[in-house]
Amino acid sequence: MANQRAIRLIDPRGHRFGAAFSVILLVAAALLNLPIVVAFVAVALGASALFGTRYSILGRPWPEIRRILKLGPPTQPEPEYGPRFAQALGFLFLVLGFALLVAGAGPIGWLPVIAVIVLQTLLAVTGYCLGCKLYVLHWWVPDLFDRIIGRRTVGAE
């Protein structure tokens, strides 16, 4: 039998909270022309994607907010792999945007950042996560992601 890790379930409300927090930071970065904030959000998304959502700096305040507001546990927890894949995609777009901004590409450098802002806003407002949906299609990129983070699939040796 294959050695398989347990799939960690997360509170999707925390994922949405982290998305909203990143939107606030990225909008401020764009309005104030602060590429360093883009780098900060990129590192936060990258760390969460690589090590797991429990290491998400952006989602870190959620458990305390949930406690203060006396919200119960999630009614439908979700596996963390889709959100981690979505965060990896966001990380890549933000790194591209940051590199373009540092290289002096001006407004062109903000385009990948704006794409992340739009998708994170969609997640925060509606709960729809495009990156999560792309993950469950099981094409070669999510499979590569699973190998990078060390996830073993059912039946893997």
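FYI, it's all coordinate maths here, none of it is from the lab. All values derive from a computational prediction rather than experimental measurement. As a convention, Cβ positions derive from the backbone with ideal geometry for all residues, glycine included, and neighbour counts pool all protein chains shown.
To make sure I understand, if each residue's beta carbon is the centre and we count other beta carbons within 10 Å, what order do 121, 126 fall in, fewest to most? If you can, show how the numbers build up before the last one.
On the way: 121 16, 126 9.
In increasing order of surrounding Cβ atoms, one gets 126, 121.
Taking square-rooted eigenvalues a ≥ b ≥ c of the alpha carbon gyration tensor, is the range 69-157 rounded, prolate or oblate, where a/c under 1.5 means rounded and, failing that, a/b exceeding b/c means prolate?
oblate
Go ahead and run the numbers for FRET between residue 34 and residue 136, Cβ-Cβ distance against an R0 of 22 Å, rounding to 0.05.
0.05
Could you state the orientation-averaged shadow area of the convex hull built on the Cα atoms of the range 10-149, in nm² to one decimal?
8.5
Using the alpha-carbon atoms, what tilt in degrees (0 to 90, nearest 10) does helix 81-102 show relative to the longest principal axis of the chain?
Between helix and principal axis, roughly 20 degrees.
Taking 0.36 nm per residue of separation and subtracting the Cα-Cα distance, what length does fully extending residue 115 through residue 55 add?
Answer, rounded to one decimal: 19.2 nm.
Report, to the nearest 10°, how far helix 140-149 tilts away from the longest principal axis of the Cα atoms in the chain, using its own Cα long axis and a range of 0 to 90°.
The two axes meet at around 80 degrees.
Taking the Cα centre of the range 1-152 as the origin, how large is its charge dipole in debye, to the nearest 20, when only Lys and Arg (+1) and Asp and Glu (-1) carry charge on their Cβ atoms?
Taking the Cα centre of the range 1-152 as origin, the dipole is about 440 debye.
Let me have the 222 nm mean residue ellipticity of the chain computed from DSSP H runs of 4+ only, each contributing -39500 (n - 2.57), with the sum over all residues rounded to the nearest 500.
-21500 deg cm²/dmol
Would you mind computing, in nm to one decimal, how far apart the modelled labels at residue 151 and residue 65 are, each placed 7 Å from Cα along Cα→Cβ?
For the pair residue 151/residue 65, the computed spacing is 2.4 nm.
Select from 35, 114, 128 the residue farthest towards the positive end of the dipole of the chain; place +1 on Cβ of Lys and Arg, -1 on Cβ of Asp and Glu, and compute about the Cα centre.
128
Out of 104, 17, 48, whose Cα points farthest toward the positive end of the dipole of the chain (charges: +1 Lys, Arg; -1 Asp, Glu; placed on Cβ)?
Positive-most Cα among the choices belongs to 17.
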